[in-house]
Amino acid sequence: MLVWSCIVLILFVRNTNGIHNGVDAKFDFWTFIASVSINGYQQCGGTVIDDRIILTAAQCVQGIPVNNITVRVGSAFVNKGGEIIKVNAMVVHEKYEEYVESDDIALLWLRTSALSRRVTKIPLATIEPAPNDYPSNAGWGEKSLESDVLPKRLQNGVTKIHERKVCIQELIQPIGPELLCAFYTQNDICPGDYGGPLILANKLVGIAVTGHGCGYVGLPSLYTNVFHYLKWIDQNSKKLKKNK
Ligand SMILES: *[C@@H]1O[C@H](CO)[C@@H](O)[C@H](O)[C@H]1NC(C)=O
């Protein structure tokens with residue numbers, strides 16, 4: 001917990017917390033992050049959860065032929081460094097529907113192992129994060145919707161978990177245990193960050209799904225609740241391994 005307190009402190013001191021208004025991420029901490037590209041253009045974030053498996057959001061890859069998807073790992077930069085790996089197969093959650101936040105989860109099966117000196121996998125959540133937990137997010141998404149500036153270097157920030165009913169007050173559709181409700185001061189996730197990781201105590205607790213306006217303070221951001229999908233992830237990872 002000390003590490004997390006320090007990160008929170010650093011962000012406060014620099015007064016630029018968030019991916020919206022994000023700070024350059026210390027890549028040594030984010031060695032499990034991946035950038036997911038469609039037709040060579042960065043579209044989303046992702047997370048290395050096994051040597052050949054990337055966890056991302058369904059919205060990033062649904063309807064896209066696997067041959068059009070590539071993943072870059074091992075670099076803090078969106079367009080250089082690390083390694084670009086092709087995708088051989090994928091599983092999109094069978095209940096995912098466009099513009100509906102629930103079941104926004106997908107697995108990509110890589111042609112070769114992502115792991116290297118610069119790339120690690122991260123363990124999945126073993127418990128659900130609780131209100132008032134402060135997880136970290138990161139991504140290559142927009143720094144603010146107005147400026148439309150794409151950071152070339154990975155940005156990260158801290159957010160705060162709230163009771164779902166706090167988010168429901170601001171949303172049109174109610175949300176259930178499949179989603180986490182999070183927002184915190186200036187922090188937000190923006191287009192380009194979706195699919196990327198939400199980390200707490202060195203475990204993957206969430207997948208960025210929507211930032212509701214990219215930087216509108218106080219409006220909720222939603223993350224797929226990884227803990228809720230542990231069984232789905234496990235079953236479908238096994239399927240991908242078997243069919244390789
Ligand atoms: C996939 O790639 C092919 C070949 O480059 C291209 O013609 C096609 O439009 C792409 N499909 C999508 C959905 O991007």
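Quick note: the coordinates plus some simple rules give every number you see, no bench work behind them. Keep in mind the model is a prediction, meaning the values are calculated, not measured. Cβ coordinates were reconstructed from backbone atoms using ideal geometry, including for glycine residues, and neighbour counts include every protein chain displayed.
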FRET efficiency, 1/(1 + (r/R0)^6) with R0 30 Å, evaluated for residue 166 and residue 202 via beta carbons: 0.70
Net charge of Cβ neighbours under 13 Å - reference residue 244; Lys, Arg +1; Asp, Glu -1: +4
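Rounded to the nearest 0.05, what FRET efficiency do residue 80 and residue 26 give with R0 = 22 Å and r taken as the Cβ-Cβ distance? Could you check? Before the final figure, lay out the partial values.
Working: r = 18 Å, r/R0 = 0.82.
E(calc), rounded to 0.05, equals 0.75.
So for 97, 142, fewest C-beta neighbours within 10 Å to most, what's the order?
97, 142
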Under 15 Å from the residue 173 label point (7 Å along Cα→beta-carbon), backbone N, the range 26-66: 58-60
Length added when fully stretched, residue 67-residue 38, from 0.36 nm per residue minus Cα-Cα: 9.5 nm
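Just add up the charged neighbours of residue 67: K/R +1, D/E -1, any other residue whose Cβ is under 14 Å from the Cβ of residue 67. Could the numbers behind the result be given before it?
Values: positive: 86, 111; negative: none.
Combined, the nearby Lys, Arg, Asp and Glu give +2.
Which net charge results when you count Lys and Arg as +1 and Asp and Glu as -1 among the other residues whose beta-carbon is under 10 Å from that of residue 82? Show your work: numbers first, answer last.
Numbers: positive: 72, 80, 118; negative: 83.
So the environment of residue 82 carries a net charge of +2.
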